[in-house]
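Right, one structure below, let's go through it.
The values are calculated or read from the model by the stated rules, or taken from the named source; none is laboratory data. For clarity, every value in this text was computed on a predicted model and none was experimentally measured. Heads up, the Cβs are rebuilt from the backbone with ideal geometry, glycines too, and the neighbour counts pull from every protein chain shown.
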Amino acid sequence: MTPTTAIEIRGLTKSYGDQHVLDGVDLTVPAGTIYAILGSNGAGKTTTIRILATLLQADSGTARVAGHDIKDDPMRLRESISLTGQFAAVDKILTGRENLTRVADLRHLPDADELAQQMLTRLDPVDVG
């Protein structure tokens, strides 16, 4: 994994009994990109994400996220990522900017307002308040 790689997966497998969910997945996601995993129900999207977030163990293969090996360095990996499901837990009373600032505050990140502005500039949303 190079400093320009955010996620690197090699030969990732996972089975539930006789059901092979992941069969040798390889994937490289460059740092600084926005990447989506799309597929039909049962394609292994959620399983892949759960393995990358260290919520589930792979049967075999390797993966690194933000420079951290999912098996050898799970605590540091968890400190460097955030994970949300398809239904984001945002406060609907707050604006988008306020929700971003709140998340930064909860993670004890310095300059929460500045970080929120950087995200808004980068993502270029239409209306966040």
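Residue-by-condition table, conditions (1) in contact with a Cys (Cβ under 7 Å, 6 or more places away or on another chain); (2) under 20 Å from Tyr16 (Cβ atoms); (3) at pLDDT 90 or above:
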| residue | (1), (2), (3) |
| --- | --- |
| Lys45 | no, yes, yes |
| Arg50 | no, yes, yes |
| Leu55 | no, yes, yes |
| Ala58 | no, yes, yes |
| Asp69 | no, no, yes |
| Pro74 | no, no, yes |
| Ser80 | no, no, no |
| Leu83 | no, no, no |
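Candidates are the residues of region 37-70 that are among the small types (Gly, Ala, Ser) and in a strand (DSSP E or B); the one that is surrounded by the most Cβ atoms within 10 Å (Cβ to Cβ) is Ala63. Looking only at region 1-36, residues that are surrounded by fewer than 14 Cβ atoms within 10 Å (Cβ to Cβ) and of a type in the set (A, V, I, L, M, F, W, C) come to 3 in all.
The residues in region 1-32 that are assigned to a strand (DSSP E or B) and within 20 Å of Arg50 (Cβ to Cβ) can be counted, and the count is 22.
Out of the residues in region 99-129 that are at pLDDT below 90 and of a type in the set (Asp, Glu), which is farthest from Ile34 (Cα to Cα)? Once the filter is applied, the top-ranked residue is Asp105. State yes or no: is Asp73 free of Cβ contacts under 8 Å to residues at least 24 places away in the same chain, crowded, with 16+ Cβ neighbours inside 10 Å and under 24 Å from Arg107 (Cβ atoms)? Judged against the criteria, Asp73 is a match. Taken over region 46-69, the criterion of being without any contact (Cβ under 8 Å) to a residue 12 or more places away in the chain and β-branched (Val, Ile, Thr) is satisfied by Thr46 alone.
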